[in-house]
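**Student:** Before we start, here is the structure in question, set down as structure tokens.
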Amino acid sequence: MLHFHYSSTINAPVATVWEFHERSDILQILTPPWQPVRVVRRQGGLGVGAVSEFWLWLGPIPIPWIARHTACEPYRFFIDIQEKGPMVSWVHRHDFVEKNGNTDLTDSINYELPGGFWGEALLGWLVNIQLQAMFRYRHEVTQRECDRAARNHEISNL
């Protein structure tokens with residue numbers, strides 16, 4: 001089993017960061033432009049039982065991925081697992097921790113690649129590099145969008 005962890009401080013309150021993640025278009029917003037993904041459906045927000053279905057492309061080959069949320073404590077964390085997809089297993093925990101009025105946002109993933117030991121030995125480093133780039137992008141977008149929400153809130157209060 002492989003492990004991935006990415007954490008950053010978002011300069012916004014937990015409520016703002018959580019509510020950003022509740023958006024119906026969140027998967028489209030957080031998908032990096034270099035990653036070919038087509039969102040098929042998203043149902044149920046962040047709560048237990050919520051489902052996200054999308055296709056990834058490996059060259060011309062579409063790979064279906066279905067994720068289901070298995071745990072959620074609003075404004076603290078949610079967990080999604082891969083029900084169908086390219087990994088043997090995938091458990092992704094999203095944590096939101098208040099720190100001095102800001103949010104420590106952490107993504108932790110435990111996953112298994114196909115091919116057992118050899119699959120992980122040969123491809124694990126590449127998957128981790130790709131995850132690092134993707135989550136750096138996602139956290140940067142989260143900061144940008146939370147900044148935009150704060151500016152819009154300030155303008156509406158004028």
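**Student:** Can you tell me which of Q35, Q43 is within 15 Å of the chain's Cα centre (by Cα), surrounded by fewer than 18 Cβ atoms within 10 Å (Cβ to Cβ) and over 13 Å from T142 (Cβ atoms)?
**Tutor:** Residue meeting the stated conditions: Q35.
**Student:** Do we find a residue being touching a helix residue (DSSP H, G or I) at 6+ places or on another chain (Cβ under 6 Å), within 18 Å of V17 (Cα to Cα) and in contact (Cβ under 8 Å) with a residue 60 or more places away in the chain anywhere in the range 107-124?
**Tutor:** yes
**Student:** So in the range 105-148, with the set limited to residues that are among the aromatic types (F, W, Y) and in a helix (DSSP H, G or I), which one is farthest from W90 (Cα to Cα)?
**Tutor:** Y137
**Student:** Let me ask another. In the range 13-44, what residues are more than 22 Å from D104 (Cβ to Cβ) and either among the charged types (D, E, K, R) or in a strand (DSSP E or B) (or both)?
**Tutor:** D25, V37, R38, V39, V40, R41, R42, Q43 - these are the residues of the range 13-44 that are more than 22 Å from D104 (Cβ to Cβ) and either among the charged types (D, E, K, R) or in a strand (DSSP E or B) (or both).
**Student:** If a residue counts only when it is under 20 Å from V17 (Cβ atoms) and either at pLDDT 95 or above or not charged (D, E, K, R) (or both), which strands (runs of 3 or more DSSP E) contained entirely in the range 45-92 have at least 2 such residues?
**Tutor:** 61-73, 77-84
**Student:** May I pose another question? Taking the conditions exactly as written (free of Cβ contacts under 8 Å to residues at least 24 places away in the same chain and among the hydroxyl-bearing types (S, T, Y)), does S8 satisfy them or not?
**Tutor:** Answer is no for this residue.
The values are calculated or read from the model by the stated rules, or taken from the named source; none is laboratory data. Keep in mind it's a predicted model, so treat the numbers as computed, not measured. Glycine gets a Cβ as well: all are built from the backbone with ideal geometry, and neighbour counts include every protein chain shown.
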